[in-house]
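Asker: Would you mind keeping the following structure in view while I ask a few things?
The values are calculated or read from the model by the stated rules, or taken from the named source; none is laboratory data. Owing to the predicted nature of the structure, the values given are computational and were not obtained by experimental measurement. When we count neighbours, we look across all protein chains shown, and the Cβ atoms used for this are built from the backbone with ideal geometry, even at glycine.
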C-alpha cells in the first residue's frame, strides 16, 4: 500500500524528546480561550517511543488479534438502545481504552476487564494491543488510519512510574499531569482530541470536563480517511425514497452501475463491501424487509458475519448495481451501563475497585465516566470517520464467471455498516436509520 512504507508519527510525537527526560517540567502552556490567554502548569510523565514498523501491514500478526468474542458482545451492547436513531461505535477505540484501564487496575477489577477483552493475562493483552496498533495504523497519500492514546493525571496524586511507563511502551500513550477542574487543563484535553481526529468531533469534545475529583482520564482516538477505489460519479446521483422508521423521505443516493464484487447473505440479511485505496473496506449489511437493524444485532448469524465475515459460505460473485444514500452520522454513547451489562462491575464500584498498579495514593477510586463519541461521513469521494473513547476514574465518596447474476442492492431502508482494517477488524460499526448527508 502506498504510504504504508513511510515511518510516520502522530502529531504529539513531533515535539517529543527521549523518554528519560521530563519534557514539560512545570512548563507554562498557553491557549486562546474566549479571546484571552490562559495558562497553567503541566508536565509530561512519560513519552511513548513509537515502534519502527508502525505503518507497515503486519499481516502475520492477524491471528493474534482476532477479537470475535469482544465484537459479538460489545457491538450489540453499544449500538443497541438507539431504536430509530443513528448510532456509531468504534470497537477498536473501545478495546484500546479498556486495555489501558486494565493496565491501571489489578485483582478482580482487572480480571473482569480481561475477560471482556478475551485475554487471560496482561501480557497477552499487551501483545494483542500492539498487533492491533501495528496492523491498522497507516498514513500517506492513499488514506489514513491514525490511532493515538493519552492519559491525564491529577497533579495532587502520586503515581507509580512503572504503570505510566507501561502505558507509554505498550499502548503508545503520553501521560500529562495538571490540575483537575482547571478549564485550561480541560482545554488541553479537548485540543489533543481535536488534533488527533481532524476536528470531526469538536462538538462532542468541547463538552468534556475533568472535575476536581478525577484522578485519571484515559483517552484513545481513531481517525480514518479513505478514498474509494472506484469513486462514485456525482452525475449518476439520484433522488430516491428512503423508508425510515418514522416514514418515507426523499434523499440523495449515489449510484454504482454494474461493478463486479461478492454478494453475501444470511437468513435475515444481505451484504456487500466496497474497498478503499488504502486497503481497507466498508461493508453494508442490509436487514431483510421487516427486520430492523436493532433486531439484526441480536441475530447470532448476523453477528458472526459482522465479527468475521471472511470465508463466508453464503456468497457469490455478481455484477452489483448499488444505490447508496450519502450520510453523515454521529453519536455519543454513555458506556457505563454497557460495561456493567458486560460484566465489568468492580471498576465502577468505589468499595471494591482496585487501582493499586496506578497509585497507592487514592481514596475509594472507581470509574465514574466512560463514553465514546464517533462520526462517519460518506460521499462520492470516500469516507472519513473518527472516534474517541474516554474513561475517567474518580476518587471520593462515590475474475467474473460466465452467466453471472445481476444483483440490485438498493439500500432504501435502515442498514448497518462497518469499516474494516487489513486484518478484518471492524474499526467502526454503525446504524443508519435516517441518512442526513
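Asker: So, residue 199, is that one surrounded by fewer than 23 Cβ atoms within 10 Å (Cβ to Cβ) and under 26 Å from residue 423 (Cα atoms) or not? Can you show your working first?
Answerer: Numbers: surrounded by fewer than 23 Cβ atoms within 10 Å (Cβ to Cβ): yes; under 26 Å from residue 423 (Cα atoms): no.
So residue 199 does not fit the description; no.
Asker: Then there is this: Please work out which one of (1) out of contact with any helix residue (DSSP H, G or I) (no Cβ under 8 Å at 6 or more places or on another chain); (2) more than 18 Å from residue 421 (Cα to Cα); (3) surrounded by fewer than 19 Cβ atoms within 10 Å (Cβ to Cβ) is the condition residue 229 fails and give its number.
Answerer: Condition not satisfied by residue 229: (2).
Asker: Just to be sure, is residue 324 under 30 Å from residue 202 (Cβ atoms), at pLDDT 95 or above, outside any helix (DSSP H, G or I) and more than 21 Å from the chain's Cα centre (by Cα)?
Answerer: On the way: under 30 Å from residue 202 (Cβ atoms): yes; at pLDDT 95 or above: yes; outside any helix (DSSP H, G or I): yes; more than 21 Å from the chain's Cα centre (by Cα): yes.
Spelling it out, residue 324 is indeed under 30 Å from residue 202 (Cβ atoms), at pLDDT 95 or above, outside any helix (DSSP H, G or I) and more than 21 Å from the chain's Cα centre (by Cα).
Asker: Hey, residue 301 hits all of (1) at pLDDT 95 or above; (2) surrounded by 21 or more Cβ atoms within 10 Å (Cβ to Cβ); (3) not in a loop (DSSP other than H, G, I, E, B) but one; which does it fall short on?
Answerer: (2)
Asker: Residues 98, 114: which one is touching a helix residue (DSSP H, G or I) at 6+ places or on another chain (Cβ under 7 Å), surrounded by fewer than 24 Cβ atoms within 10 Å (Cβ to Cβ) and at pLDDT 95 or above?
Answerer: Numbers: 98 fails: surrounded by fewer than 24 Cβ atoms within 10 Å (Cβ to Cβ).
Residue meeting the stated conditions: 114.
Asker: Can you name every one of the helices (runs of 4 or more DSSP H) wholly within the stretch 183-297 that holds 3 or more residues which are within 19 Å of the chain's Cα centre (by Cα) and at pLDDT 95 or above? Even if it seems obvious, please write down each step before you answer.
Answerer: Numbers: elements: 183-196, 202-205, 293-296.
Output list reads 183-196, 202-205.
Asker: Filter the stretch 154-179 down to the residues that are touching a helix residue (DSSP H, G or I) at 6+ places or on another chain (Cβ under 7 Å) and either in a loop (DSSP other than H, G, I, E, B) or at positive phi (or both), then identify the one that is surrounded by the fewest Cβ atoms within 10 Å (Cβ to Cβ).
Answerer: The extreme case among them is 179.
Asker: Here's something else I'd like to know. Scan the stretch 357-378 residue by residue and report those that are surrounded by 17 or more Cβ atoms within 10 Å (Cβ to Cβ), part of a loop (DSSP other than H, G, I, E, B) and out of contact with any helix residue (DSSP H, G or I) (no Cβ under 7 Å at 6 or more places or on another chain).
Answerer: Of all residues in the stretch 357-378, those surrounded by 17 or more Cβ atoms within 10 Å (Cβ to Cβ) come to 357-359, 362, 365-378.
Next, from what is left, pick out any that are part of a loop (DSSP other than H, G, I, E, B): 357-359, 362.
Matches in the stretch 357-378: 359, 362.
Asker: Are any residues in the stretch 300-345 within 14 Å of residue 73 (Cα to Cα) and assigned by TED's automatic domain parsing to the domain that holds residue 236, and if so, which ones? First the steps, then the outcome.
Answerer: Going residue by residue through the stretch 300-345, those that are within 14 Å of residue 73 (Cα to Cα) are 300-308, 335, 337-344.
300, 301, 302, 303, 304, 305, 306, 307, 308 - these are the residues of the stretch 300-345 that are within 14 Å of residue 73 (Cα to Cα) and assigned by TED's automatic domain parsing to the domain that holds residue 236.
Asker: As an exercise: evaluate residue 89 against (1) modelled with pLDDT of 95 or more; (2) in contact with a strand residue (DSSP E or B) (Cβ under 7 Å, 6 or more places away or on another chain); (3) surrounded by fewer than 20 Cβ atoms within 10 Å (Cβ to Cβ) and give the number of the one condition it does not meet.
Answerer: (3)
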